[in-house]
Amino acid sequence: MSFTVTGFGYLLFIIRLMQAEAMDCTTNKQCVCHKVNGQLWANCEGLSLTSAPTFDRNVMGINLANNKISNFPTTLPSNIVYLDISRNWIKNINQRSLEKYNFMRNLSISDNLLQTIELGTFQNSSKLVHLDISGNQELTLEVLANVSSDLKNSTSIRILNFEKLQCTYGVSLIVKKYHLIDLKHTRLENLNLASNRINSLEWGVLSELPTSLKHLNLANNVLSFGLYIVELGNVANLLTIDASFQSSFHQLKLKDFFIGCNDTKPVCNNSSSNDKHVDLFMNGWLSVQRQANITISLPSTLQYFYFHDNLYKMTLQEFTFRFFGKPMLSHIYMQNSIIYKLNGPMKGLESVIYADFSNNFCSYISPRFFEDFKNLSHLDLSNNVLGETIENDINGDIFQNLRMLTSLNLTRNRIAHLPANIFRNLIYLENLNLSFNSLSTFTLPLENMVNLKYLDLSNNQISTMNKTTRTTLDAISKNKTFSLNLKGNRLRCNCENFEFVKWLLTAKHVIFQDFDDYICTLSNSSKIRFSDIELLQLMEKQCSSYTLIIVIMTSLIIVILTITTSRILYRYRWKLRYMYYVAREKYSDQGQEKLGEDSFYFDAFFSYSDKDRIFVIDLVKRLEEEFNLRLCIHHRDFIPGTGIADNITNAIHYSRKTVCIITSQFLQSYWCMFELNMARMEAIYSRNGENVLFLVALEKDALKKLPFSFMDLIDSKSYIEFPEGGDKDEVTAFRSKLGETIKSHDNYFRSLSADTFGDK
């Protein structure tokens, strides 16, 4: 049974060693032997050994790390699968060093004093899965050619760790095709080239990497921007790219002075002609030049992109990311760098759900930058200088496209004020961190953030919260756990803030984080903790002397003013409304020229209840035909798109008379009574007291239900009753008198004989 230990597997292996049954398996009694899963393992780490002891032939894994071994051991069991000989003094490994270890799967020779690894060293290591030669700074990148050549036919190799094969200080380097071209047909998944002073990659290097590669680590180098970026899309199955810590400062160490950099080591360049790749280079260059912006091709399988802790000073302009297939990029890490502005937009990033732009000295975000971040759920913008940009975003344009955002971190951004609309579209937001800013008030409307679970306002300048905000937070916290952090603010416990303090101490559903650390300043400038059980009683005692008086007097003044104002407004309500609509019509830009010699559009405006529509329409039709009248009814003559009140006032104002069809339904209708009152105001204020309002009682006793203010119309006989149940002649006479009255400039109702309809 084979056993592989890599990374976490090795940690698990050590834990199991500690739990396994101890036994003897080597001539050195200081070594600890254990059985794990039926296999024998030996741990000889840190014993100051100068050579490897003898082990039983059935030992499968050996740890010789952190000793003083200067020659690679060749007497270990031939069936060994795991060997860790890191942190020793080995200088050279030749072709015979590993020739008997044909079952080796995991080999670490990192952090030795290696100067050479001969070509052919790993030619028999067909089962090798994990090889770590990192930390050997005198090997240089030239060793890659030998290692990749030996492993070119390997179907087992998965992890190659070539980190820090160059000394810390020296000129920058370029990775050439011949360094890695022999790995093209392997099944390599993880390639680590970190910390090698790499400046660039020769055109074609990325295209020649194996298609099985999933993780590429180029961190802690000095990468410059070049056309090799165009080739990233050719690494078809890549999951992660790590290009972080570029151009980082390295602390000077004494031991670095004693390392031979070997930067002049002879180059073993056995690559073929590059003419084909020169053509590809030129084609790639031309394709980039034709773009309106910078287009970066990435494999569709890429999920994690690490570009943090770099010393590049830059502004993120418009970039387009092109994927060969459905993109899977979900995480972008660009924190701890020097990115002054986020201009964008960054196109093609719809799949990203996590983005970190924190600690970048960023002072500006364009409203278009997050246009394509449609599915972003976590955004970290902390430790920047975005205060002014956010304060000026009164329309909430910066975050308007981040509708799926659930977590937003804006801590340490020098924010002094939050516009009301800044988070208007963040309906799924759950965590909002605004700590360590300069907020003196927090009145942000939170009604749309129904999913909010945690709000961090700690270490600002907040002294209180108004009632609206408190009520909103109470509503948010009713159906779910909600936490609020106000620690480190300038909370004031005075009489003005009594309700706020009471809320902090008695809120039922809101959980206040670190509540025991909340400190409050009293009126006498002394400080007290909110956890003090006497705080509320103390404030009640201080504020009770005049709080009640203030409340009573304020309430009394408000009540008196309200009643007085209400009575005035009620008494003159119809006059005020009439004057408002007439004034608006007078100064409107849509005024029309008046028609007719007497400047009226209509002879009469008919006001009626919708339930009497059939009767009115028939009556109007007959009056128009028999008396050649121009009448106005709302079903036919009101202007579409104009407000109801405007249509009514215009109809009354531009009609010679107003006829109201009085029924019980009319008296119960708001708009009918509106028309009746507006017609009365028209008669009083625009027609010099002329009585142009006439009532038609369609139902018996309908006039008795009229409001008292209209009794003068009854007294002046400005009404007529429809002969309900009357014969045809009576109806015809009624219609004739009504038509003559409308057509005449005089009030014909006064002359109606009591013999015809009855004296009213």
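The values are calculated or read from the model by the stated rules, or taken from the named source; none is laboratory data. Source: prediction; values computed, not measured. Don't worry about glycine lacking a Cβ; one is built from the backbone with ideal geometry, like all the others, and counts go over all protein chains shown. These accessible areas exclude ligands, DNA and RNA; they are computed on the full protein's heavy atoms, side chains included. Shrake-Rupley method; radii C 1.70, N 1.55, O 1.52, S 1.80 Å.
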Given 0.36 nm per residue, what is the gain on full extension from Tyr570 to Thr75 after removing their alpha carbon distance, in nm? 167.3 nm
Give me the number: length gained by fully extending Thr468 to Asn58, i.e. 0.36 nm times residue separation minus the C-alpha to C-alpha distance, one decimal in nm. 140.0 nm
With the crude spin-label approximation of a point 7 Å out along Cα→Cβ, what separation in nm comes out for Thr168 versus Thr315? 3.6
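Taking N as the number of residues in the range 309-410, what value does Rg over Cα atoms divided by 2.2 N^0.38 Å take?
On the way: Rg = 12.9 Å, N = 102, 2.2 N^0.38 = 12.8 Å.
For the range 309-410, the normalised Cα radius of gyration is 1.01.
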Sorting Asn628, Thr186, Leu408 by the position of each Cα along the dipole of the chain (Lys, Arg +1; Asp, Glu -1; all at Cβ), the one nearest the positive end of that ordering is Thr186
Could you tell me what % of all Cα pairs in the range 17-170 have separations over 26 Å? 24
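For a Förster distance of 30 Å, can you work out the FRET efficiency between the beta-carbons of Asn28 and Gln123, rounded to the nearest 0.05?
Numbers: r = 31 Å, r/R0 = 1.04.
Taking R0 as 30 Å, the efficiency between Asn28 and Gln123 is 0.45.
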Among beta bridges that DSSP assigns inside the chain, antiparallel share in %, nearest 5: 10
Tally up the carbon and sulfur contribution to the accessible surface of the chain as a whole percent, 1.4 Å probe, everything protein left in place. 52
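Report, in debye and to the nearest 20, how large the dipole of the range 429-527 comes out about its Cα centre when Lys and Arg carry +1 and Asp and Glu carry -1 on their Cβ. Write out the running numbers ahead of the final one.
Working: 11 positive and 9 negative charges, 34 e Å.
Dipole about the Cα centre, nearest 20: 160 debye.
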Send over the Kirkwood Rh of the range 639-699, from the inverse of the averaged 1/r over different Cα pairs, rounded to one decimal Å. 12.1
Stretch Thr562-Tyr685 to full length: gain in nm at 0.36 nm per residue minus the Cα-Cα span? 41.5 nm
Taking only the alpha-carbon positions of the chain and ignoring solvent, what does the Debye formula give for the base-10 log of I(q)/I(0) at q = 0.09 Å⁻¹? -0.99
Taking the simple approach of a point 7 Å from Cα along Cα-to-Cβ for both Ser736 and Lys502, what is their distance in nm? 7.8
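Starting from the Cα gyration tensor of the range 426-578, multiply each eigenvalue by 5, take the square root, and state the resulting semi-axes largest first in whole Å. Mind showing how you got there, number by number?
On the way: eigenvalues 235, 119, 34 Å².
With the √(5λ) rule applied to the range 426-578, the semi-axes are 34, 24, 13 Å.
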Distance from the range 76-129 to the range 423-471 (C-alpha centre basis), Å: 59
So for the range 357-414, what are the equivalent ellipsoid semi-axes in whole Å, largest first, each being the square root of 5 times an eigenvalue of the Cα gyration tensor? 17, 14, 9
Nearest 0.05, what FRET efficiency do Lys184 and Lys374 give at R0 = 60 Å with Cβ-Cβ as r? 0.95
Heavy-atom surface of the chain, accessible at 1.4 Å and reported per residue (Å²): 50
Inter-site label distance for Asp701 and Arg492 at 7 Å from Cα along Cβ, in nm: 6.7
Residues in the range 492-506 near a label at Leu538, defined as backbone nitrogen under 15 Å from the 7 Å Cα→Cβ point? 492-495, 498, 501-502, 505
How much FRET efficiency would the formula 1/(1 + (r/R0)^6) give for Thr554 and Glu388, where r is the Cβ-Cβ distance and R0 is 35 Å, rounded to 0.05? 0.35
For the range 26-159, build the charge dipole from Cβ charges (+1 Lys, Arg; -1 Asp, Glu) around the Cα centre, then report which of Asn146, Asn58, Leu131 sits farthest towards its positive end. Asn58
